[in-house]
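The values are calculated or read from the model by the stated rules, or taken from the named source; none is laboratory data. Model, not experiment: these values are computed from the prediction. Cβ: placed from backbone, ideal geometry, glycine included. Neighbour counts: every protein chain shown. Side chains included, ligands, DNA and RNA excluded: accessible areas come from the protein's heavy atoms. Shrake-Rupley method; radii C 1.70, N 1.55, O 1.52, S 1.80 Å.
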Amino acid sequence: MKLTVVGCGDAFGSGGRGNSCYRIETDGHVATLDFGASALVQMHRLGLEAQGVRQVFLSHLHGDHFGGLPFLLLDGQFVHRRSEPLTIIGPPGTGARLDAAMEVLFPRMATNAWRFDFEVREVEPGSTSRHGPLTLTTAEVLHGSGAPSTALRVTDGKRTIAFSGDTQWTDALLPIAHGADLFICECFAFSGSPHGHMAYETIAEKREALGAKHILLTHMGDEMWARRGEVDEAHFTVAEDGLERDL
């Protein structure tokens, strides 16, 4: 399994980084965790073929985590003329929120006769489901987004990647992260208790309880980005756009 960080920034582009998007490739199958507003631009910048993405797993329905989907769909329809099917997997409310986003950004877009098979699957928080070669487990976390916000755990049966999504600390993260080869963990601030988000000092305190083999810190705000040199490199890696990691 190979991970490419397409975008690891917050909603505001702190540090000049793109919105949330993590590309996973396993045995030729390509999926992403999230597809934020800048994700298609970032994929082009990194030389990655967006039309090869078969599945998008969404943590929650904020624009910096799902807002790139209308552009991905239109790119497949009119530019790269994709033929491979695309499945978007997200929490309850995903279909309605995506329809609304498409209508706001590109009126009547949802009425397109798509040239490729396109499906939205909504999964309940706390469920486990199979999607092609990947098995997804979700858990509801603490982050207001107008729909359930979730942490994700994805495995191909050999390697496992876990993802906190956006959340303040919750014990719901423990079974998602435990034993994962890599835990992608949001780290908006260095210290304190930012509403709806986590701080590095909290994550460091909970590291052993999380039980992941390694933790990749993402979604950093300006303060955290400025203090990234203080991170314990023995247990954490600071994410940067374009970072690649073989698991």
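For residue 238, what accessible area in Å² do you get when you roll a 1.4 Å probe over the heavy atoms of the protein chains, rounding to the nearest 10?
Its accessible surface works out to 30 Å², give or take rounding.
Treating the angle as unsigned and between 0 and 90°, give the value, to the nearest 10°, between the Cα long axis of helix 94-105 and the longest Cα principal axis of the chain.
The angle comes out at about 70 degrees.
Could you tell me which residue out of 164, 13, 134 lies farthest along the dipole of the chain toward its positive end? Charges go on the beta carbon: Lys and Arg +1, Asp and Glu -1, centred on the Cα centre.
134
So what is the relative contact order for the chain, in percent, with contacts set as C-alpha pairs under 8 Å and at least six apart?
18
If you fit an axis through the alpha-carbon atoms of helix 200-210 and take the longest principal axis of the Cα set of the chain, what angle between them do you get, 0 to 90°, nearest 10?
In the chain, helix 200-210 runs at an angle near 90 degrees to the longest axis.
Using the Cβ atoms and a cut-off under 12 Å, what net charge is assigned to the surroundings of residue 142, where Lys and Arg are +1 and Asp and Glu are -1?
Value of the local net charge: -4.
Which of rounded, prolate, oblate describes the stretch 67-135, given a ≥ b ≥ c as roots of the alpha-carbon gyration tensor eigenvalues and a/c under 1.5 marking rounded, otherwise prolate only if a/b is larger than b/c?
Working: a/c = 2.68, a/b = 1.38, b/c = 1.94.
Oblate, since a/c reaches 1.5 and b/c is not below a/b.
Once the other residues with Cβ under 14 Å from the Cβ of residue 181 are scored (Lys, Arg +1; Asp, Glu -1), what is the net sum? Don't skip to the end; give the middle numbers.
Details: positive: 2, 153, 158, 159, 213, 245; negative: 156, 246.
Overall, the nearby charge balance is +4.
Using only the heavy atoms of the protein chains and a 1.4 Å probe, how would 99, 156 rank by accessible area, largest first?
Numbers: 99 80, 156 30 Å².
Most to least solvent-accessible, the answer reads 99, 156.
For a test of the definition: using alpha carbon positions, the gyration tensor, and the 1.5 limit on a/c, classify the stretch 131-182 as rounded, prolate or oblate.
oblate
So what's the net charge close to residue 64: Lys and Arg +1, Asp and Glu -1, counting the other residues with Cβ under 12 Å from its Cβ? Present the calculation step by step, with values, prior to reporting the outcome.
Details: positive: 17; negative: 10, 34, 166, 186.
Here the count lands on -3.
Could you give the accessible area per residue of the chain, probe 1.4 Å, as a whole number in Å²? Please list the in-between numbers first.
Working: 10060 Å² over 247 residues.
For the chain, the per-residue accessible area is 41 Å².
For the chain, give the percent of accessible area contributed by carbon and sulfur heavy atoms, probe 1.4 Å, rounded to a whole number.
Roughly 48 percent, rounded to a whole number.
Based on the Cα atoms of the stretch 127-247, what semi-axes does the equivalent ellipsoid have, where each is the square root of 5 times one gyration tensor eigenvalue, given in whole Å with the largest first? Could the numbers behind the result be given before it?
Working: eigenvalues 100, 60, 32 Å².
Calculated on Cα positions only, the semi-axes equal 22, 17, 13 Å.
Which value at 222 nm does the chain reach when only helices count, each DSSP H run of 4 or more adding -39,500 (n - 2.57), with the total divided by all residues and rounded to the nearest 500 deg cm²/dmol?
Counting only the DSSP helices, I get -5000 deg cm²/dmol.
How do 191, 83 stack up against each other in accessible area, from largest to smallest, with a 1.4 angstrom probe? Working shown, then result.
Numbers: 191 45, 83 95 Å².
Ranked from most to least accessible, the order is 83, 191.
To the nearest 20 debye, what charge dipole does the stretch 125-247 have about its Cα centre, counting +1 at the Cβ of each Lys and Arg and -1 at the Cβ of each Asp and Glu? Numbers along the way, then the final one.
Numbers: 10 positive and 18 negative charges, 105 e Å.
Magnitude of the dipole: close to 500 debye.
Calculate the dipole size of the stretch 9-49 relative to its Cα centre from +1 charges on Lys and Arg beta carbons and -1 charges on Asp and Glu beta carbons; express the result in debye to the nearest 20.
Numbers: 3 positive and 5 negative charges, 39 e Å.
Using Cβ point charges on Lys, Arg, Asp and Glu, the stretch 9-49 gives about 180 debye.
Give me the dipole magnitude in Debye, nearest 20, for the chain about the Cα centre, with unit charges on the beta carbon: positive for Lys and Arg, negative for Asp and Glu. If you can, show how the numbers build up before the last one.
On the way: 21 positive and 32 negative charges, 128 e Å.
Dipole size: approximately 620 debye.
Select from 62, 89, 151 the residue farthest towards the positive end of the dipole of the stretch 59-154; place +1 on Cβ of Lys and Arg, -1 on Cβ of Asp and Glu, and compute about the Cα centre.
Going by the Cα projections, it comes out as 89.
Select one label from (1) 11.9; (2) 18.6; (3) 15.5: the one whose number is mean projected area of the Cα convex hull in nm² as derived from the coordinates shown.
Step by step, mean projected area of the Cα convex hull in nm² for this structure corresponds to label (1).
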